[in-house]
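Colleague: This structure is in structure tokens; I'll ask about it shortly.
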Amino acid sequence: MNIKLTEFVIFDVETTGLSPVDGDRIIEIAAAKVKEGKVVDRFYSLINPQRSIPPQTTLVNNITDDMLEDAPLAADILPQMIHFIGGACVAGHNVRFDLNFLCYELALIGRRLNDQTPAVDTLKMSRDLLPYLSNHKLAYLARSLGVVVDQTHRAMADVDITVGVFLRLMEMAGDKDLQKVSIFLDHFGVEKPSFKLNQKSQASLF
């Protein structure tokens, strides 16, 4: 099957820090469902991490404790994300980071992504298809590809940028005869992390 006919869910998370296993948590999640080159649905929520946000994190994404006080918990939102993904392929820029958080927090509530859900990294695509770029960070890459960048470091804004980047990179992959799904995933796919948490380790995190 041609990759252009595949359904993708491009997603991004904002977090309290860099490591879920060290106690950092998702504070914002956004996703866009892309079908045949168009966004057909969106998913978004702030998430109460049940911990304070470090000042240095707020400096990056402008998300404050007050904004999250009445936000839903991950246990209420992330199962909805699984449903939103459905049978699609997930994608993101440096998607391993976002997957680490998503999969870890799902494990905390005894859930997981479908084993058959593939994951694609636009960072990996960029490095492969645009090796001459000096910088493969999302905003720089987007501007290099003519994608408008109005805001960064908020989940939906980054998703919108990544959608534009992804569609352009997918066209480039097609020009290199990488449009067959199996070949595309071999080149640009990444493995999803796997976390198995027992009740004792879950309880110690809160």
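Colleague: Return the calculated 222 nm mean residue ellipticity for the chain, to the nearest 500 deg cm²/dmol, obtained by summing -39500 (n - 2.57) across DSSP H runs with n ≥ 4 and dividing by the residue count.
Modeller: Per the formula, -12000 deg cm²/dmol.
Colleague: Output the pairs from LYS35/LYS137; LYS4/LYS196; LYS35/LYS192 with a Cα-Cα distance over 32 Å in this structure; if there are none, say none.
Modeller: Going by Cα-Cα distance, LYS4/LYS196 fall outside the 32 Å limit.
Colleague: Given points 7 Å out from each Cα along the Cα-Cβ axis, report the SER182 to ASN114 separation in nanometres with one decimal.
Modeller: About 2.0 nm separates the two model spin labels.
Colleague: Now for a separate question. Let's test the formula: R0 of 35 Å, r as the Cβ-Cβ distance of LEU130 and MET67. What FRET efficiency results, to the nearest 0.05?
Modeller: That pair, LEU130 with MET67, gives E of 0.45.
Colleague: Using a Gaussian network model of the chain with C-alpha springs under 10 Å, which one of LEU138, LEU106, LEU129 is most mobile by mean-square fluctuation?
Modeller: Looking only at LEU138, LEU106, LEU129, the largest GNM fluctuation is found for LEU129.
Colleague: Simple spin-label model, 7 Å along Cα-to-Cβ: THR58 to VAL40 in nm?
Modeller: Label at THR58, label at VAL40, 4.1 nm between them.
Colleague: What residue among ALA74, ALA173, ALA91 shows peak mean-square fluctuation when the chain is described by a Gaussian network model with Cα springs under 10 Å?
Modeller: ALA173
Colleague: To one decimal place, what Kirkwood hydrodynamic radius in Å is obtained for the chain from all pairs of distinct Cα atoms?
Modeller: Hydrodynamic radius (Kirkwood, Cα only) of the chain equals 17.5 Å.
Colleague: Where both partners of a DSSP beta bridge lie in the chain, what percent of those bridges are antiparallel, to the nearest 5?
Modeller: 70
Colleague: Shifting gears a bit: Give me the one-decimal nm value for the distance between modelled label points at THR152 and MET172, 7 Å along each residue's Cα-to-Cβ direction.
Modeller: The modelled label-to-label distance comes out at 1.7 nm.
Colleague: If you average the C-alpha positions of the stretch 110-131 and of the stretch 61-92 separately, how far apart do those two centres end up, in angstrom?
Modeller: Answer, in whole Å: 19.
Colleague: Taking the chain as a Gaussian network, Cα atoms linked when under 10 Å apart, which of ALA75, ALA88, ALA139 shows the biggest mean-square fluctuation?
Modeller: ALA75
Colleague: Over the Cα atoms of the stretch 5-49, what Rg and Dmax result, in angstrom?
Modeller: Here Rg and the maximum Cα pair distance are 13.3, 39 Å.
All of the numbers you see were taken from the coordinates with simple rules; none came from a lab. This structure is a prediction, so every number in the text was calculated from the model and none was measured. With ideal geometry, Cβ positions are generated from the backbone for all residues, glycine too; neighbour counts draw on all protein chains shown.
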